[in-house]
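**Student:** Can you keep this structure in mind? I'll have questions shortly.
The values are calculated or read from the model by the stated rules, or taken from the named source; none is laboratory data. A quick note: this is a predicted structure, and the numbers were derived from the prediction, not measured. Here the Cβ positions follow ideal geometry from the backbone for every residue, glycine too, while neighbour counts run over all protein chains shown.
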Amino acid sequence: MTLELEKYWLAVQNIVCKVCIDSDPHGNGICRISERSMCGVKEYFPKIVKVVLSVKSDKMDDYVNALRENICKECRETEDGVCELRNSVECALDRYYPLIVQAIESVKS
């Protein structure tokens, strides 16, 4: 991970990982996802940063649309826009996206 990405990753860990349901129960941000099952936030992080930084808006809908267009389509979303992981609230990226945006934007400013 580049130094630039590392700054964004530390911000995400401090804001998102501490409240994630897959983190340790003490709020330390220690991920409990097994090695076989990668966290979507971690897996797509360079692209997430690029997407968030590309949006110039005060509306979360614009960030979500950019997420859907640039990441969801290459992940598990079907051609008709359905993602079973997202629909079952199992997608950490979707679940914590507003906090992820907040973390990345806080580093940017």
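**Student:** Which one of the conditions (1) among the hydroxyl-bearing types (S, T, Y); (2) touching a residue at least 60 places away in the same chain (Cβ under 8 Å); (3) in a loop (DSSP other than H, G, I, E, B) does Y8 fail to meet, given that it meets all the rest?
**Tutor:** (3)
**Student:** Looking only at residues in the range 19-36 that are at pLDDT 70 or above and of a type in the set (D, E, K, R), which one is surrounded by the fewest Cβ atoms within 10 Å (Cβ to Cβ)?
**Tutor:** R32
**Student:** Any idea which of (1) among the small types (G, A, S); (2) surrounded by 18 or more Cβ atoms within 10 Å (Cβ to Cβ); (3) modelled with pLDDT of 95 or more is the one S54 doesn't satisfy?
**Tutor:** Answer for S54: the failing condition is (2).
**Student:** Return the residue satisfying two criteria in turn: it lies in the range 75-109 and is under 13 Å from the mean Cα position of the chain (by Cα) and over 15 Å from V52 (Cα atoms), and of such residues it is surrounded by the fewest Cβ atoms within 10 Å (Cβ to Cβ).
**Tutor:** So the residue we want is E90.
**Student:** While we're looking at this one, here's another question. Determine the pairs where a residue that is touching a residue at least 40 places away in the same chain (Cβ under 8 Å) and under 12 Å from R68 (Cβ atoms), located within the range 78-92, has a partner that is in a loop (DSSP other than H, G, I, E, B) and not acidic (D, E) with Cβ atoms under 7 Å apart, the partner being 6 or more residues away or on another chain.
**Tutor:** The qualifying pairs are C91/C83.
**Student:** Among the helices (runs of 4 or more DSSP H) lying completely within the range 49-109, list those that include at least 1 residues that are in contact with a Lys or Arg (Cβ under 6 Å, 6 or more places away or on another chain). Give the derivation first.
**Tutor:** Numbers: elements: 60-70, 84-87, 92-108.
By residue number, 84-87, 92-108.
**Student:** Surrounded by 18 or more Cβ atoms within 10 Å (Cβ to Cβ) and out of contact with any helix residue (DSSP H, G or I) (no Cβ under 8 Å at 6 or more places or on another chain): does that describe C72? Don't jump to the end; show me each part of the working.
**Tutor:** Working: surrounded by 18 or more Cβ atoms within 10 Å (Cβ to Cβ): yes; out of contact with any helix residue (DSSP H, G or I) (no Cβ under 8 Å at 6 or more places or on another chain): no.
No.
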